[in-house]
């Protein structure tokens, strides 16, 4: 008879059934496949760790949210937030669904152009637009959202020598009752900065003010905050109409809708804490329709939703490297998934699911990544069954920001695959290799040789 592996005994609270004073039930179910493709098969073919995106989940979520707005407000346009996930395949899914592009840098702007997005369907946000960026955006007829007065003055100067009239909006920050208030970006509503910028634009006559924009925050849990924002932008649009007889073509409410991820420090999981997205569409549509805006001249409503449309569609597959006991007696499991590719583990307690059958035994454990850094912690505390070396896990809700904020640090970045609606698997970004990293480095001649003998 094979000798059983010794496990140091630990005392743990047992949670069964409904919530009790110790917390909730720790029930888990294995996640053996994604969209019908076995996790083990994906790892065997494409390696571990591995990002997996579901096209079916992306499209269905987009259609649900788009419908939620269009049944409540007659003129709606989505613009995909490139910074959330700017993989070309992902962006093109949203463009196929009818979404414009929303970008915040020259890099993202050119990425959208190369993806085939017409210039007039690109919204250019962000505080750092170079003169060359602005020239290109003006030439292509893009919608330029002015972030600060210095940018406004630069555009006024460029307009003097341009054959095209720049189409601009101003980004407005405001008090929506949620604190801390996002006032780093844009021009303030309450102290008159936004109105001052509007008057300057209208006075010069060389810029075409077509819209008003705000982005009140990220992972916003208050639909009412969007109602406040929509009301204040409506009031600005009315003042512009009254003073200048100028119709504002669109109001852009930005993004910031939450996904159902589990925020660190939150008492409840995201599935219980996050309001239904229909509450956001109801709040925004109600504010616009109940405002004094002329019903015959309602502005286009633009939304730059990112996280809420793709977080749920992304999974990160990983493999157990080893187990150990910490000095406290707590179990620690080491995965090949590190914070360098799972940046959002600093914000969220990601749901982690074993990808194979397991026993009913559960234990509070810590999940570490493979990096030789003490901050490489995927979960500080999680109830999971004992995982052995070689077992696979699935990290949930990783579609937003991880594939744009990841970094090549200690380990190389892995493959990313997309499962299409016909259950075909496509590599949409290849894993890195050391030759690729070295190809971008230049070594001076006097440093190319050395002798360690």
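The values are calculated or read from the model by the stated rules, or taken from the named source; none is laboratory data. Quantities reported herein were computed from a predicted structural model and do not represent experimental measurements. Every residue, glycine among them, receives a Cβ derived from its backbone with ideal geometry; neighbour counts consider all protein chains shown.
Remarks
- Scanning region 65-87 for residues that are without any contact (Cβ under 8 Å) to a residue 40 or more places away in the chain and either crowded, with 18+ Cβ neighbours inside 10 Å or in contact with a helix residue (DSSP H, G or I) (Cβ under 8 Å, 6 or more places away or on another chain) (or both) yields a total of 2.
- Every residue from region 284-320 that is farther than 18 Å from residue 252 by Cα and surrounded by 16 or more Cβ atoms within 10 Å (Cβ to Cβ): 310, 311, 312, 313, 314, 315, 316, 317, 318, 319, 320
- Hits in region 405-453 - residues which are out of contact with any strand residue (DSSP E or B) (no Cβ under 8 Å at 6 or more places or on another chain) and outside any loop (DSSP other than H, G, I, E, B): 405, 409, 411, 434, 435, 436, 437, 438, 445, 446, 447
- Qualifying residue in region 432-441 (condition: loosely packed, with under 10 Cβ neighbours inside 10 Å and closer than 22 Å to residue 44 by Cα): yes
- Residues satisfying the stated conditions in region 336-391, i.e. surrounded by fewer than 20 Cβ atoms within 10 Å (Cβ to Cβ), in contact (Cβ under 8 Å) with a residue 60 or more places away in the chain and part of a strand (DSSP E or B): 353, 363, 364, 383
- Residue check for residue 127: within 27 Å of residue 230 (Cβ to Cβ) and at pLDDT 95 or above: yes
- Qualifying residue in region 259-272 (condition: crowded, with 20+ Cβ neighbours inside 10 Å, more than 20 Å from the chain's Cα centre (by Cα), free of Cβ contacts under 8 Å to residues at least 60 places away in the same chain and not assigned by TED's automatic domain parsing to the domain that holds residue 344): no
- One residue from 257, 315 being under 29 Å from residue 50 (Cβ atoms) and either assigned to a helix (DSSP H, G or I) or out of contact with any helix residue (DSSP H, G or I) (no Cβ under 7 Å at 6 or more places or on another chain) (or both): 315
- Test: residue 281 is touching a residue at least 12 places away in the same chain (Cβ under 8 Å) and either in the same structural domain as residue 386 (by TED's automatic domain parsing) or not in a loop (DSSP other than H, G, I, E, B) (or both): yes
- Single match in 215, 145 (criterion: in a loop (DSSP other than H, G, I, E, B), in contact with a strand residue (DSSP E or B) (Cβ under 9 Å, 6 or more places away or on another chain), assigned by TED's automatic domain parsing to the domain that holds residue 273 and at pLDDT 95 or above): 215
- Region 284-297, subset part of a helix (DSSP H, G or I) and touching a helix residue (DSSP H, G or I) at 6+ places or on another chain (Cβ under 9 Å), residue nearest to residue 257 (Cα to Cα): 284
- Taken over region 102-112, residues that are assigned to a helix (DSSP H, G or I) and in contact with a helix residue (DSSP H, G or I) (Cβ under 7 Å, 6 or more places away or on another chain) amount to 5.
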